[in-house]
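Data first, discussion second: the structure below is written as C-alpha cells.
Every number in this text was worked out from the coordinates using simple rules, so none of it is lab data. Since we're looking at a predicted model, the values are computed, not measured. Virtual Cβ from ideal backbone geometry, glycine too; neighbours counted across all protein chains shown.
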Amino acid sequence: MGLTPAEVADILAGANELDYFADSLIHKRCRQVEKLLPETSRILGEEFRNAFSRFAPTFIPSSEEKYYEEAVAFCRWVEDRGTLALAVENTAVFERTRLLLYREGRRFSFCRLPPVSRDSAAKEVTQHRRGRFGLVFWARFGSRVIHYSI
C-alpha cells in the first residue's frame, strides 16, 4: 500500500485507542446491566463481568431502552448457555421475567424454575431429579404489583 513506517505506527496507535474505547463501552454497558440485574450480579460476583464480556460481542441493542433490552438478552444468553450454575440460570430467568413485567407493562408474568436444594456443607445448589418445579407469579393491578412464589 506504500505506507511509511511512521504511518503504520500511527494506524496501530489508533487501533489501540479504538480497542481501549470499545472496552470502555463494554464496561459501561456491563455496569448498566448490572444495575438492572442485581441478584444475577450478586450470585455471579466477579464472574458477572467476565460473562458479560463474552456476551457483549453477540448482541447489539437496537431500541431506545438499550440497557433494558441488553439486560433481557443477557438473561436469555445465560439461560441458553447451560454452562453456568443452575442457581445463576434460575436467577436470570427470575430477573428477566420481572423486567418484562415492569418494563413492558404486562399485567401478568410468571416463570417456572426447576426444583433446587442447597448443600450447606459444599455451598452448592443442585437440581433435584425428582420434585416439584417452582412457580413465580406476578400480577399487576393498577400501580400495585403482587408477587407469589409457589
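Starting with the highest mean, order 59-70, 18-29, 79-90, 138-149 by the number of other Cβ atoms within 10 Å, averaged over the residues of each peptide.
Details: 59-70: 13.7, 18-29: 12.2, 79-90: 15.8, 138-149: 10.6.
So the order, starting with the most tightly packed, is 79-90, 59-70, 18-29, 138-149.
Karplus-derived 3J(HN,Hα) values for the range 29-40, using 6.51 cos²θ - 1.76 cosθ + 1.60 with θ = phi - 60°, are 4, 4, 4, 5, 5, 4, 5, 7, 10, x, 6, 4 Hz; glycine and proline are entered as x.
What does the extension gain come out to for residue 3 and residue 47, with contour length at 0.36 nm per residue minus their alpha carbon separation? Spell out each step's value before the answer.
On the way: separation 44, 0.36 × 44 = 15.84 nm, distance 4.27 nm.
So the chain would gain 11.6 nm between residue 3 and residue 47.
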